[in-house]
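The values are calculated or read from the model by the stated rules, or taken from the named source; none is laboratory data. All of these numbers come straight from a predicted model, not from anything done at the bench. Ideal geometry is used to build each Cβ from the backbone, glycine not excepted, and the neighbour counts take in all protein chains shown.
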Amino acid sequence: MTVDAHHHVWDLSVRDQDWIPQHSPIRRDFTVADLGPEARAAGVDRTVLVQTVTVAEETPELLGLADAHDLVAGVVGWTDLTRPDVADELARLRALPGGARLKGIRHQVQGEPDPEWLLRPDVLRGLTAVAEAGLVYDLVVLPHQLPACAKAAARLPRLIFVLDHLGKPPIASGALDPWAADLRALAGLPNTVAKLSGLVTEADPAAWTLDDLRPYAETALEAFGPGRLMFGSDWPVCTLAAPYGDVVEATRQLTAGLGVSERTQILEGTATRVYRL
């Protein structure tokens, strides 16, 4: 079976997703019940549900969904890392219904104007609390922010950093550097992991091919190895470029040349271990 280590849900009647353009086809509700049949058809039996907005109320809602749906084995939520009582807030979240499925924290670092936001003293203090809580930290960043990710990971060796979407490489342009060099520097730290996720939407959404994705997947595989790579669909964002099943199949095709045990790590083992599913 396969673990989908990265997907989202949202209900626009509960909360707007202001990052979605007004006329986008994903500006509608997406639920765990919507994903369930597609996941089963693609051989996915467990998922990790990831936050989308920097709103404190969202994480308890996601934990409630995890509590209600066996498909959702873990949640990566959001909390304000800079709040002085962040350790207490993490403990509060873990005591909520579904709180045992809180596995990580994420913040939209990609939207921070300071390229070294992760290195601010108040942020590092919050990241330390995440590590002490036994959680991991998901990095959603742009390529120019990768050097700061490596610096943060070097300063906090007890915290596992999970790079979402391979740091959003410039697949549409076909360029590899400096993204590849910065990715290798991050992968040189043992407390870092990366997701083969979000690639189809970094390519040309209307005309991507496996050959477009392959240099980026191969760079990541060389840098991290299968034991530190995991699959994520980025559903429903991925549907802007491909149906769910096609995204799962693309990852299987990109890893087809590996041995069975190596493919199993990417498709299931790494996520199970890192997120303690």
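Quick notes
- Where THR54 falls short, out of the listed (1) touching a residue at least 12 places away in the same chain (Cβ under 8 Å); (2) farther than 21 Å from ALA33 by Cβ; (3) surrounded by 15 or more Cβ atoms within 10 Å (Cβ to Cβ); (4) not small (Gly, Ala, Ser): (3)
- Subset tally (residues that are hydrophobic (A, V, I, L, M, F, W, C) and either farther than 23 Å from HIS6 by Cβ or surrounded by 22 or more Cβ atoms within 10 Å (Cβ to Cβ) (or both)) for segment 115-126: 3
- Among (1) in a helix (DSSP H, G or I); (2) of a type in the set (A, V, I, L, M, F, W, C); (3) out of contact with any strand residue (DSSP E or B) (no Cβ under 8 Å at 6 or more places or on another chain), the one test that ALA175 misses: (1)
Here is a yes/no grid of residues against (1) touching a Phe, Trp or Tyr at 6+ places or on another chain (Cβ under 7 Å); (2) assigned to a helix (DSSP H, G or I); (3) closer than 17 Å to VAL53 by Cα:
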{"residue": "ALA100", "(1), (2), (3)": "no, yes, no"}
{"residue": "GLY104", "(1), (2), (3)": "yes, no, yes"}
{"residue": "THR128", "(1), (2), (3)": "no, yes, no"}
{"residue": "GLY134", "(1), (2), (3)": "no, no, no"}
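- Qualifying residues in segment 19-37 (those that are part of a loop (DSSP other than H, G, I, E, B) and in contact (Cβ under 8 Å) with a residue 24 or more places away in the chain) - the one nearest to LEU71 (Cα to Cα): ILE26
- A single entry from THR239, THR272, THR251, THR255 fulfils the requirement of being within 18 Å of LEU199 (Cα to Cα), surrounded by 16 or more Cβ atoms within 10 Å (Cβ to Cβ) and out of contact with any Pro (no Cβ under 9 Å at 6 or more places or on another chain): THR251.
- Scanning segment 57-87 for residues that are buried (at least 23 other Cβ atoms within 10 Å of the Cβ) and among the acidic types (Asp, Glu) gives no hits.
- Filtered residues of segment 231-252 (kept if of a type outside the set (Phe, Trp, Tyr), assigned to a helix (DSSP H, G or I) and in contact with a strand residue (DSSP E or B) (Cβ under 7 Å, 6 or more places away or on another chain)): VAL248, THR251
- Scanning segment 1-51 for residues that are of a type in the set (Ser, Thr, Tyr), farther than 14 Å from GLU61 by Cβ and in contact with a strand residue (DSSP E or B) (Cβ under 9 Å, 6 or more places away or on another chain) returns THR2, THR47.
- Number of positions in segment 57-107 that are among the charged types (D, E, K, R), in contact with a Leu (Cβ under 9 Å, 6 or more places away or on another chain) and farther than 30 Å from PRO37 by Cβ: 1
- Residues in segment 106-126 that are outside any helix (DSSP H, G or I), under 16 Å from the mean Cα position of the chain (by Cα) and farther than 17 Å from VAL274 by Cα: HIS107, GLN108.
A quick yes/no check of all residues on (1) within 17 Å of LEU229 (Cβ to Cβ); (2) surrounded by 21 or more Cβ atoms within 10 Å (Cβ to Cβ); (3) over 19 Å from the mean Cα position of the chain (by Cα):
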| site | (1), (2), (3) |
| --- | --- |
| GLU132 | no, no, yes |
| LEU142 | no, no, no |
| CYS149 | yes, yes, no |
| ILE160 | yes, yes, no |
| HIS165 | yes, yes, no |
| LEU183 | yes, yes, no |
| LEU186 | yes, yes, no |
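- Among residues of segment 103-124 that are farther than 17 Å from ALA56 by Cβ, none has a Cβ under 9 angstrom from a residue that is in a helix (DSSP H, G or I) and hydroxyl-bearing (Ser, Thr, Tyr) at a sequence gap of 6+ or on a separate chain.
- Test set (1) part of a loop (DSSP other than H, G, I, E, B); (2) free of Cβ contacts under 8 Å to residues at least 24 places away in the same chain; (3) farther than 30 Å from ALA150 by Cα; (4) not hydrophobic (A, V, I, L, M, F, W, C) - ARG40 fails condition number: (1)
- Qualifying residue in segment 197-212 (condition: under 19 Å from GLY104 (Cβ atoms), hydroxyl-bearing (Ser, Thr, Tyr) and either modelled with pLDDT of 95 or more or assigned to a helix (DSSP H, G or I) (or both)): yes
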